[in-house]
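Participant: So that we are looking at the same thing, I have put the structure below in structure tokens.
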Amino acid sequence: MPILRWRKQELRDRFYRPAFRGMYDRFSDVIHEYVRRGDVMLDAGCGSGRVFQYHFGEAQRPRLIFGVDMTDEPKGNKNLDAAARADLGALPFADNTFDIAISSHVAEHLTQPERVFGELSRVLKPGGLLLILTPNRWHYVTISSALLPHRFHLKYNQWRGVDAHDIFPTVYRANTASRLRSLYGGAGMDVEQLYQFETEPEYLAFSTPTYALGVGFERLVNKVGALKNLRVNLLAVGRKRA
């Protein structure tokens, strides 16, 4: 048996209780807290939907879920009712179109985040919501990512089972709590909630010792408030000013 092999589910089952809420679980919880039946919803940078699926019951389902991405991947995204290929910095929608917009793991790839936040605010209705999940640039995973070449990211993520179509270069120009607040504010939105949380150390699931170290880090930084800026996830809820 190889010494190093990808053991994500095996190690999660060993170190965490079934009720543990991971990164996408937490984002899904927040989405379902804010979405209302009949909303027109935008998934900004929606991709293929292979990585993150969200499910609405009939009592809550938005009237329309529209996805936008710079690739053709949304054609197979089962989360969506409709999709368009477009730059998030030049959205093909009229002002005040959407009740809510969500964006999962897109902000870290933005080379012009001010422009994108401005466009997302423009297409939201007054009082509309923008929900963003993105990594914190001061976490050990993102620091490592910034120091290593993209070709390493491709090989490593493919080894751990990520489709190559879901791997993009990262720049981390929107990826601290203070930077997110500044981007929301500059685009005419107020941050109502900003969650910072560590989750299971998926990137270290190639061996038990490394995963155990990651679990120790997760439990420490989630417990100690003074260490919140070292937690990997930033989950922001912002509302467009009326």
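Participant: Could you work out how much longer the chain between Trp6 and Gln112 gets when fully extended? Use 0.36 nm per residue separation minus the Cα distance between them, nm to one decimal.
Facilitator: On the way: separation 106, 0.36 × 106 = 38.16 nm, distance 3.46 nm.
Going from the current span to full extension adds 34.7 nm.
Participant: Could you put Lys8, Lys155, Lys240 in order, starting from the residue whose Cβ has the fewest other Cβ atoms within 10 Å?
Facilitator: Working: Lys8 17, Lys155 11, Lys240 23.
Result, fewest neighbours first: Lys155, Lys8, Lys240.
Participant: Towards the positive end of the charge dipole of the range 8-240, with charges on Cβ (+1 Lys, Arg; -1 Asp, Glu), say which of Leu129, Met23, Ile102 has the farthest Cα.
Facilitator: Met23
Participant: Now for a different question. For a quick check: sort Thr208, Thr199, Thr111 by the number of other beta carbons within 10 angstrom, fewest at the front.
Facilitator: Going from least to most buried by this count: Thr111, Thr208, Thr199.
Participant: Additional query: Grab the other residues whose beta carbon is less than 13 angstrom from that of Gly185, score K and R as +1, D and E as -1, and report the net.
Facilitator: Residues near Gly185 contribute +2 overall.
Participant: Is the shape of the range 11-146 rounded, prolate or oblate, going by the alpha carbon gyration tensor and its root eigenvalues a ≥ b ≥ c, with a/c under 1.5 for rounded and a/b larger than b/c for prolate?
Facilitator: oblate
Participant: Taking 0.36 nm per intervening residue step and subtracting the Cα-Cα distance, what contour gain separates Leu220 from Arg122 on full extension?
Facilitator: 31.3 nm
Participant: Just the C-alpha atoms of the range 8-240: what Rg/Rh do they give, with Rh taken as the Kirkwood radius?
Facilitator: 0.95
Participant: Right, something else. Between Phe56 and Lys155, take the C-beta separation as r, use R0 = 25 Å, and let me know the FRET efficiency to the nearest 0.05.
Facilitator: 0.10
Participant: How would you rank Val35, Val116, going from fewest to most other Cβ atoms within 10 Å of each one's own Cβ? Write down the numbers at each step before the final one.
Facilitator: On the way: Val35 21, Val116 25.
Fewest-to-most ranking of Val35, Val116: Val35, Val116.
Participant: If each residue of separation counts as 0.36 nm, what is the full-extension length gain between Tyr16 and Val141 once their alpha-carbon separation is subtracted?
Facilitator: Extending this stretch completely gives an extra 43.0 nm.
Participant: Related question: Amide H neighbours of Asp43 under 5 Å, counting only residues 5+ apart in sequence or on other chains, H built in-plane at 1.01 Å?
Facilitator: Phe66, Gly67, Val68, Ile102
Participant: Treating only the Cβ of Lys, Arg, Asp and Glu as charged (+1, +1, -1, -1), what charge dipole size does the range 8-240 show about its Cα centre? Round to the nearest 20 debye.
Facilitator: 460 debye
Participant: What residue among Leu194, Gly216, Trp6 has its Cα farthest toward the positive end of the dipole of the chain, where the charges are +1 on Lys, Arg and -1 on Asp, Glu, each on the Cβ?
Facilitator: Result: Gly216.
Participant: Run down the lysines and flag those whose C-alpha is under 25 Å from the C-alpha of Lys155, throwing out any fewer than 8 positions away in its chain.
Facilitator: The reachable lysines, counting only those whose Cα sits under 25 Å from Lys155, are Lys8.
Participant: Nearest 5 percent is fine: what portion of the DSSP beta bridges confined to the chain is antiparallel?
Facilitator: Numbers: 15 of 33 bridges.
Taking every DSSP beta bridge with both residues in the chain, the antiparallel ones total about 45 percent.
Participant: Turning to a different aspect of this structure: Under a cut-off of 18 Å between alpha-carbon atoms, report the lysines in cross-link reach of Lys125, not counting same-chain residues fewer than 8 places apart.
Facilitator: By straight Cα distance, Lys125 reaches Lys240.
Participant: Something else: If you average over every viewing direction, what projected area does the convex hull of the Cα atoms of the range 1-61 give, in nm²?
Facilitator: 6.5 nm²
Where a number appears in this text, it was derived from the coordinates with a stated rule and is not lab data. Computed from a predicted structure; not experimentally measured. Please note: Cβ atoms are built from the backbone with ideal geometry, for glycine as well, and neighbour counts cover all protein chains shown.
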